[in-house]
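A quick write-up on the structure given underneath.
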Amino acid sequence: MEPFRTIEWKNKRVLIIDQRKLPVEEIYIECATFEQVAECIRNLVIRGAPAIGIAAAMGMALGALEIGNNCSYEKLKEHMKKVSQHIALTRPTAVNLFWAIGRMNDLISECREKRVEEIKNLLVTEAINIQEEDLRTCMQIGENGSELIEDSSVILTHCNAGGLATAGYGTALGVIRSAFRKGKNISVISSETRPILQGARLTTWELEREGIPVRLITDSMAGYVMSRGIVNSVVVGADRVASNGDTANKIGTYPLSILAKHHGIPFYVAAPTSTIDGECLSGEEITIEQRNPEEVTHMNGKRISAAVEVLNPAFDITPAENIECLITEAGLFRKPYSESLGKFKRKDQ
Ligand code: MRU
């Protein structure tokens, strides 16, 4: 089967697979401006923490190309500040967005003595580097995490922390992919992930393409499958990991961690070190995005509820104590996380 591209830099354009349409249609959106990329992040054409970071970097590269080669360094810097602020306002929770913007701005600061034309080229190269690094990072996460996956086991995952949420390999699904490719006889249970069904629409699509056995459950079935001994481990991704190990991930992750603890099932978080926010001391400091109520009250444009008030937090916080191990490209981190994660600092804009 043809591999899909989550996001691609092509001829001064950014191509993004429209994840809102999957798995029914495979459509790519072409962005020519940073505003278009920002809109794709905001409305979930592209989603998942590392993929959002890559999109932010490519959006900044597009923004830089708007500046004429004869402009001054100061003018470029001023313009890029505006671009950064615009992209930073798209989604608040995934720290990779701010990490990527920070990395692009650091590069600009280091290039004060260079010609604007050269800086623009360097920014494009840096955005592509961020994407390529993510692919390698996720493969290493997969390699490190696959050791934790036992042969003949069933892994429950939530949301989509796969190739679609990254440059192509995935974090939680990277661990599952690597274990499967090593010949382990495993299968996956994917929770559908209301309200917008990243598990049902994206995770099942990705796993099926790769021939990894997967069964779909509704979110409310997780307790049942765990109580019946059907699940051996839980592996999820992360949008932001605080320095004490508290982890923000898709809404519904926290209750899964409690269920796993209750049933004595190991609960793993797989994420790149760019998702660790060393400046955030605990989960209480993480901003939780509140999304449009229509994601809850409507399905496929049709109302499914009475016209009542809605709560729609996109993420919740899993306390560090519920996390058996954090799987990163730099290795496995265990409790106490305040000690093991001590060295990670966020690069902000
Ligand atoms: O709202 P989303 O779809 O962007 O949320 C995505 C998640 O919560 C993922 O689990 C997380 O970003 C990790 S992706 C490798």
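The values are calculated or read from the model by the stated rules, or taken from the named source; none is laboratory data. This structure is a prediction, so every number in the text was calculated from the model and none was measured. As a convention, Cβ positions derive from the backbone with ideal geometry for all residues, glycine included, and neighbour counts pool all protein chains shown. These area figures cover heavy atoms from the full protein model, side chains too; ligands, DNA and RNA do not enter into them. Shrake-Rupley method; radii C 1.70, N 1.55, O 1.52, S 1.80 Å.
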Over the range 247-310, with a single point scatterer placed on each C-alpha, what log10 of the ratio I(q)/I(0) does the Debye formula yield at q = 0.26, 0.29 1/Å?
-> -1.11, -1.23
Relative contact order (percent) for the chain, with alpha-carbon contacts under 8 angstrom and 6 or more residues of separation?
-> 17 percent
May I ask you to list, by number, the DSSP H helices of the chain whose Cα span along the axis is at least 20 Å and whose average Kyte-Doolittle hydropathy reaches -1.0 or more?
-> 49-65, 95-110, 116-146
Magnitude of the Cβ-charge dipole of the chain, K/R +1 and D/E -1, about the Cα centre, nearest 20 debye?
-> 280 debye
Solvent-accessible surface (1.4 angstrom probe) belonging to Glu126, in square angstrom, nearest 10 | 30 Å²
When only Cα pairs under 8 Å and 6 or more residues apart are kept, what is the percent relative contact order across the range 177-249?
-> 24 percent
Counting only protein heavy atoms with a 1.4 Å probe and every protein chain in place, the carbon and sulfur fraction of the accessible surface of the range 212-308 in whole percent equals 53 percent
Given the options Ala88, Ala49, Ala320, state which has the largest fluctuation in a GNM of the chain using a 10 Å cut-off (strictly under) for Cα springs.
-> Ala88
Compute the distance in nm between two label points, each set 7 Å from the Cα along the Cα-to-Cβ direction, one at Lys261 and one at Ala32.
-> 5.3 nm
Environment charge of Glu30, counting only residues whose C-beta is closer than 13 Å and scoring Lys/Arg +1, Asp/Glu -1 = +1
How large is the dipole of the range 66-124 about the Cα centre if only Lys and Arg carry +1 and Asp and Glu carry -1, each at its Cβ, rounded to the nearest 20 debye?
-> 160 debye
With the other protein chains left in place, how much accessible area per residue, in square angstrom, belongs to the chain at a 1.4 angstrom probe?
-> 43 Å²
Treat each spin label as a single point 7 Å out from the Cα along the C-beta direction, and report the Glu150 to Glu208 distance in nm.
-> 3.0 nm
Overall dimensions of the chain by Cα: Rg and Dmax, Å | 19.8, 68
Aspartates and glutamates whose Cα lies under 15 Å from that of Lys182, excluding same-chain neighbours fewer than 8 positions away | Glu143, Glu147, Glu150, Asp151, Glu210
Say we join alpha carbon atoms closer than 10 Å with springs in a Gaussian network model of the chain; which of Ala306, Ala330, Ala55 then has the biggest fluctuation?
-> Ala306
Too long for a 19 Å Cα-Cα cut-off, among Lys10/Lys75; Lys82/Lys120; Lys10/Lys77, are Lys10/Lys75; Lys10/Lys77
Only loop residues by DSSP count here, and only those with at most 14 other Cβ atoms within 10 Å; note down the trypsin sites (Lys or Arg not before Pro) in the range 110-203 that meet that.
-> Arg112, Lys114, Arg115, Lys182
Rounded to the nearest Å, what's the spacing between the alpha carbon centres of the range 36-87 and the range 97-112? Just the number, please.
-> 11 Å
